[in-house]
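Enquirer: What follows is a structure written as structure tokens; I'll ask about it next.
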Amino acid sequence: MYSVYTILGIVHSQDEDPRLSQQAREQALQYAREAQAPGLQALALGNLADYELRSGNYARALELSTQSLALAHEDGEISTEILARHNMGIAKIGLKRLEDGKRDVLQAITMDAQREAGSYTAEAWLELGGYLEKVDDLPGAVDAYHRARKEFDAVLRDETRKAVLEAQARFEDQQRQREIRLLNQDNSLKAEQIRTRDLQLKLWAEVGGCVLLSGALLALAYRRIRRTNAALAQTNESLREQSERDPLTGLANRRHFQQAIAQRTREGGLRGSLFLIDIDHFKRINDQWGHAAGDTVLVEVARRLSSVLREQDLVVRWGGEEFLILVNSEATEDARQLGQRLLDQIGGQPVDHGPLRIPISASIGFASFPMAPQDLTLEWERAIDLVDTVMYMAKAHGRNKAYGVAAMQARDRDQLLALAGRIEAAWHQGQVQLVSLLGPVQEGRA
């Protein structure tokens with residue numbers, strides 16, 4: 001009922017008569033209190049404070065935000081605490097308490113920036129600029145607008161860089177596939193030539209079978225052809241293996257994974273437990289200690305992952321500092337235990353690089369399929385999108401941790417994908433059950 005009335009409040013927020021939206025939000029708050037859920041109460045108070053801010057009722061918005069902040073802080077809801085502190089600051093600005101208001105908003109922006117949520121930080125600066133402009137603090141508004149523009153530019157640069165890297169990876173994969181096709185065609189031509197020569201040799205053997213010397217020469221030529229065939233087959237196998245292996249870590253690459261997953265999902269959706277692992281602050285390692293140190297970290301992480309897994313498990317270097325693991329077990333408890341072992345194995349000891357001891361950790365997202373409680377399956381691409389989302393939640397919530405999807409309250413595949421698109425909000429609303437795991441305590445910096 002909390003979720004229903006929250007959605008009603010959002011739907012009616014565009015009505016000419018705002019009272020329906022206000023009533024729905026207050027009813028949502030009442031259901032959160034009846035459920036004795038402090039996290040939901042804090043979020044409902046924050047939503048109601050948003051409404052009061054838009055209505056210009058700054059005193060009421062300040063009162064609601066203060067209550068929301070206390071509940072969110074007590075329940076450890078960082079995102080709701082940031083929302084409450086931001087709303088408090090905006091309300092104080094509306095009440096002409098500029099310095100107090102700016103201080104609260106800046107504290108909320110700082111907390112948000114520490115979670116590396118760039119687009120949210122930019123929107124917070126933009127909203128601050130709008131309210132400062134309303135109260136005629138034009139220098140403060142201009143500064144806030146400039147900061148918003150800077151944050152938006154940074155987000156755009158990151159997204160552009162990621163798109164370029166993905167395009168480059170696709171181009172390189174296509175180039176390798178073209179080279180392999182050309183090589184296969186060349187090998188087919190050579191094999192046909194060898195078969196033709198083989199037939200010729202057989203014909204000459206029948207004609208000159210009575211001549212011992214000719215027979216000996218033919219036998220020698222035949223053995224040479226067989227050795228050539230074996231060498232060609234070995235070369236082809238070696239080239240195929242090289243095209244499906246990461247040259248730095250020796251792990252399987254995306255091409256191998258795509259071929260393997262096509263076999264495993266031929267009868268339906270993905271079945272098993274999927275893990276996506278990202279090394280924390282890897283860019284900082286490269287920038288501080290050099291790319292050779294970064295390569296050492298990647299090789300050591302690959303070794304540590306392989307040491308935890310079984311021979312039949314699939315571990316892939318997915319790209320950059322990301323690794324992908326697929327195991328056959330469909331049990332959520334097995335996935336939870338493996339997720340903890342992966343965190344402990346990766347972050348338990350620093351990586352030695354010459355005289356340096358580089359502390360590392362990782363953020364992990366994982367899920368088991370079919371998805372409980374309705375045993376729903378997904379295509380492997382959508383499954384990777386889901387574990388990628390919870391992996392970035394682990395990063396946003398402090399890194400050196402793992403989030404696993406234990407269950408999603410969905411009736412069918414479409415509803416499952418809809419929940420995946422707003423998984424953090426669905427988690428807070430009780431529609432998604434997540435497993436949270438913490439990595440080992442880190443030693444001192446290198």
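The values are calculated or read from the model by the stated rules, or taken from the named source; none is laboratory data. In this text the structure is predicted, and so the values were computed from the model without any measurement. Using ideal geometry, Cβ is built from the backbone for each residue, glycine included, and neighbour counts are taken over all protein chains shown. Keep in mind that these areas ignore ligands, DNA and RNA; they rest on the heavy atoms of the full protein, side chains included. Shrake-Rupley method; radii C 1.70, N 1.55, O 1.52, S 1.80 Å.
Enquirer: In square angstrom, rounded to the nearest 10, how much accessible surface does Arg310 have for a 1.4 Å probe?
Expert: Solvent-accessible area, nearest 10 Å²: 120 Å².
Enquirer: Computed over the Cα atoms, what is the radius of gyration of the range 263-324 divided by 2.2 N^0.38 Å, N being its residue count?
Expert: For the range 263-324, the normalised Cα radius of gyration is 1.37.
Enquirer: What order, most packed first, do the peptides 171-182, 408-419, 93-104 have when packing is the mean number of other Cβ atoms within 10 Å of each residue? Don't jump to the answer; show the numbers that get you there.
Expert: Numbers: 171-182: 11.7, 408-419: 15.9, 93-104: 17.4.
Ranking, from highest mean packing down: 93-104, 408-419, 171-182.
Enquirer: With everything on Cα atoms, drop me the angle between helix 118-134 and the longest principal axis of the chain, reported from 0 to 90° to the nearest 10.
Expert: 20 degrees
Enquirer: How much of Tyr58 can a 1.4 Å solvent probe reach, expressed as accessible area in Å² and rounded to 10?
Expert: Roughly 50 Å² of Tyr58 is accessible to a 1.4 Å probe.
Enquirer: Would you mind counting up the charge near Gln168? Only other residues with Cβ under 14 Å from its Cβ, with Lys and Arg at +1 and Asp and Glu at -1.
Expert: +2
Enquirer: In whole Å, what is the distance between the alpha-carbon centres of the range 32-100 and the range 394-443?
Expert: Between the Cα centres of the range 32-100 and the range 394-443 lies a distance of 24 Å.
Enquirer: Using only Cα atoms and rounding to the nearest 10 degrees, what angle (0 to 90) does helix 2-11 make with the longest principal axis of the chain?
Expert: 80 degrees
Enquirer: Over the range 1-160, consider all pairs of different Cα atoms and compute the Kirkwood hydrodynamic radius from their mean reciprocal separation; express it in Å, one decimal. Could the numbers behind the result be given before it?
Expert: On the way: mean 1/r = 0.0622 Å⁻¹.
Answer for the range 1-160: a Kirkwood hydrodynamic radius of 16.1 Å.
Enquirer: Can I ask one more? For helix 380-396, report the angle its Cα long axis makes with the longest principal axis of the Cα atoms of the chain; keep it between 0 and 90° and round to the nearest 10°.
Expert: The answer is roughly 50 degrees.
Enquirer: Could you give the accessible area per residue of the chain, probe 1.4 Å, as a whole number in Å²?
Expert: Each residue of the chain exposes 54 Å² on average to a 1.4 Å probe.
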